[in-house]
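A short worksheet on the structure shown next.
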Amino acid sequence: MKKVISVVGARPNFMKVAPLHRAFAQYSAQCVHQICHTGQHYDAAMSDAFFNDLDMPEPTYFLGIGSGSHAEQTARVMVEFEKVCLEAKPDLVIVVGDVNSTIACTLTASKLHIKTAHVEAGLRSYDRTMPEEINRIATDAISDYCFITEQSGLDNLQHDGFNPNNMFFVGNTMIDSLHYALPKAEQSGILAELGLQPRGYVLMTIHRPSNVDDREQLEMLLRIFRDLSQERDIVFPVHPRTRKNIAAHGLQHLVDESPRLHLIEPQGYVNFLALMKNADFVMTDSGGIQEETTALGVPCITLRTTTERPITCTLGTNVLIQPNESAIRAAIHTAIHNPRKQGTVPPLWDGNAAQRITDIIVNKILV
Ligand code: UD1
């Protein structure tokens, strides 16, 4: 019996692994699939809610790493994940996305000569000030197998000289989760709870260090939100990093001056999906939300200078906006007054990516 361990650590990982776990179930005669949660994210709202919403089982391994500097967090994951690998002796470790847990576990497994597969490989923002870009480059460089969500990922890995026999363009497991959870999202009571109508509000998320760690930048964003909230409801589920910085930088008054700003706790997957699907438009600096809004056909304004997910702009409903005051105000004006940006769903974002990945793993990689 072969053994595969998939690693999750932070919020954006859970929806990428949940469909893999379900797809592996059909191969239970050939291999056992286990989940290792590093505990990079640990709040109930940042972690447990996703396990419930995505019907994921309790992880087999929980490392309880928590927060810290990049070096501390990455190092702690490595130390603890090494113990898991030595005890469990997996035949393959699957890592997803680009968070610190992703690179930490890839490094650990590959130095123990355990095969590794990176799901969502090949994406590049070409901005090395983003910690995720370092994680993406390093993870791809040492992974044995790469599973790819969009054409740019294929192009980037080809450019880097990755073995073409070991890279597979399979689509997007995050969109598998979206398909899976949409019926549940239809039942969500979150709009009613907040007193909102479909298409009657703007959904906002910001948590990137480049937008929320610097006082001036965060203040500028909150001023724009305050002004927009004079005429529009804004739903703003606040990441713990953003909440801490609003307080630390003394900016709570801007929130208090925003009449129709709903500052709420980070939402679970199902409620957040309901909020995305019904938003007039979304403003974000997230990676995954760019893809989810494209899959849902909802316009997205991304407050970043680069994206590692260019297909969301070329085919999808996403636009990149320089995160400065005049550009953001102009983009909001356009979103409110012009027709919605129309998009198409990228190739293979059809809800079956995890099926393709597990077929390849069981029939080609583990044999
Ligand atoms: C991480 C990922 C980022 C992803 C984001 C999604 C890295 C380098 N970054 O960023 O790519 O977009 O997750 O949320 O891995 N905190 C809590 N409770 C939690 C988790 C975090 O309070 O459950 C606070 C802590 O103060 C922590 C801070 O948030 O110091 C940042 O957490 P961390 O995991 O370091 O990075 P994120 O900003 O969440």
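If only residues of segment 311-320 that are touching a strand residue (DSSP E or B) at 6+ places or on another chain (Cβ under 7 Å) and among the hydrophobic types (A, V, I, L, M, F, W, C) are counted, the one that is least open to solvent (accessible area, probe 1.4 Å) is C313. Meeting the requirement of 3 or more residues that are touching a residue at least 24 places away in the same chain (Cβ under 8 Å) and within 16 Å of the ligand (Cβ to nearest atom), the strands (runs of 3 or more DSSP E) wholly within segment 87-188 are 115-121. Restricting to segment 316-367, name every residue that is under 22 Å from the mean Cα position of the chain (by Cα) and among the aliphatic types (A, V, I, L, M). Of everything in segment 316-367, those that are under 22 Å from the mean Cα position of the chain (by Cα) and among the aliphatic types (A, V, I, L, M) turn out to be V319, L320, I321, V345, L348, A353, A354, I357. Pairing residues of segment 192-214 that are touching a residue at least 60 places away in the same chain (Cβ under 8 Å) and open to solvent by 30 Å² or more (accessible area, probe 1.4 Å) with residues that are part of a helix (DSSP H, G or I) and away from the ligand (no atom under 16 Å from the Cβ), at Cβ distances under 6 Å and at least 6 apart in sequence or on separate chains, gives P198/N278.
Sort through F62, F81 and tell me the only one that's within 15 Å of the ligand (Cβ to nearest atom), surrounded by 24 or more Cβ atoms within 10 Å (Cβ to Cβ) and more than 30 Å from L303 (Cα to Cα). Selected residue: F81, the only one of F62, F81 that is within 15 Å of the ligand (Cβ to nearest atom), surrounded by 24 or more Cβ atoms within 10 Å (Cβ to Cβ) and more than 30 Å from L303 (Cα to Cα).
Has segment 210-217 got any residue that is more than 16 Å from the ligand (Cβ to nearest atom) and either in the same structural domain as H253 (by TED's automatic domain parsing) or under 22 Å from A335 (Cα atoms) (or both)?
Yes, there is a match, as at least one residue in segment 210-217 is more than 16 Å from the ligand (Cβ to nearest atom) and either in the same structural domain as H253 (by TED's automatic domain parsing) or under 22 Å from A335 (Cα atoms) (or both).
Just one of (1) on the phi < 0 side of the Ramachandran plot; (2) surrounded by fewer than 21 Cβ atoms within 10 Å (Cβ to Cβ) fails for N271. It is (2).
This table checks each residue for (1) farther than 18 Å from F281 by Cβ; (2) open to solvent by 40 Å² or more (accessible area, probe 1.4 Å).
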{"position": "T305", "(1), (2)": "yes, yes"}
{"position": "R309", "(1), (2)": "no, no"}
{"position": "Q322", "(1), (2)": "no, yes"}
{"position": "E325", "(1), (2)": "yes, yes"}
{"position": "I332", "(1), (2)": "no, no"}
{"position": "W349", "(1), (2)": "yes, no"}
{"position": "I357", "(1), (2)": "yes, no"}
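Here is a yes/no grid of residues against (1) within 16 Å of the ligand (Cβ to nearest atom); (2) within 19 Å of L182 (Cβ to Cβ):
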position: A295; (1), (2): no, yes
position: E308; (1), (2): yes, no
position: T314; (1), (2): no, no
position: T317; (1), (2): no, yes
position: Q342; (1), (2): no, no
position: V362; (1), (2): no, no
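Which residue out of C36, C31 is within 16 Å of the ligand (Cβ to nearest atom) and either under 18 Å from the mean Cα position of the chain (by Cα) or surrounded by 16 or more Cβ atoms within 10 Å (Cβ to Cβ) (or both)? Outline the logic, then answer.
Numbers: C31 fails: within 16 Å of the ligand (Cβ to nearest atom).
One residue alone meets the criteria, C36.
In the condition set (1) over 21 Å from I328 (Cα atoms); (2) hydrophobic (A, V, I, L, M, F, W, C); (3) out of contact with any Leu (no Cβ under 6 Å at 6 or more places or on another chain), I301 is compliant with all but (1). Has segment 134-143 got at least one residue that is open to solvent by less than 70 Å² (accessible area, probe 1.4 Å) and closer than 13 Å to R309 by Cα? Yes, segment 134-143 has at least one match. The residues of segment 293-310 that are β-branched (V, I, T) and closer than 14 Å to N172 by Cα, listed by number, are T293, T294.
With respect to R243, is the statement that it is at negative phi, away from the ligand (no atom under 11 Å from the Cβ) and open to solvent by 40 Å² or more (accessible area, probe 1.4 Å) true?
On the way: at negative phi: yes; away from the ligand (no atom under 11 Å from the Cβ): no; open to solvent by 40 Å² or more (accessible area, probe 1.4 Å): yes.
Spelling it out, it is not the case that R243 is at negative phi, away from the ligand (no atom under 11 Å from the Cβ) and open to solvent by 40 Å² or more (accessible area, probe 1.4 Å).
The values are calculated or read from the model by the stated rules, or taken from the named source; none is laboratory data. Remember, predicted model here, so these are calculated numbers, not experimental data. Don't worry about glycine lacking a Cβ; one is built from the backbone with ideal geometry, like all the others, and counts go over all protein chains shown. All accessible areas refer to the heavy atoms of the entire protein, side chains included, with ligands and DNA or RNA removed. Shrake-Rupley method; radii C 1.70, N 1.55, O 1.52, S 1.80 Å.
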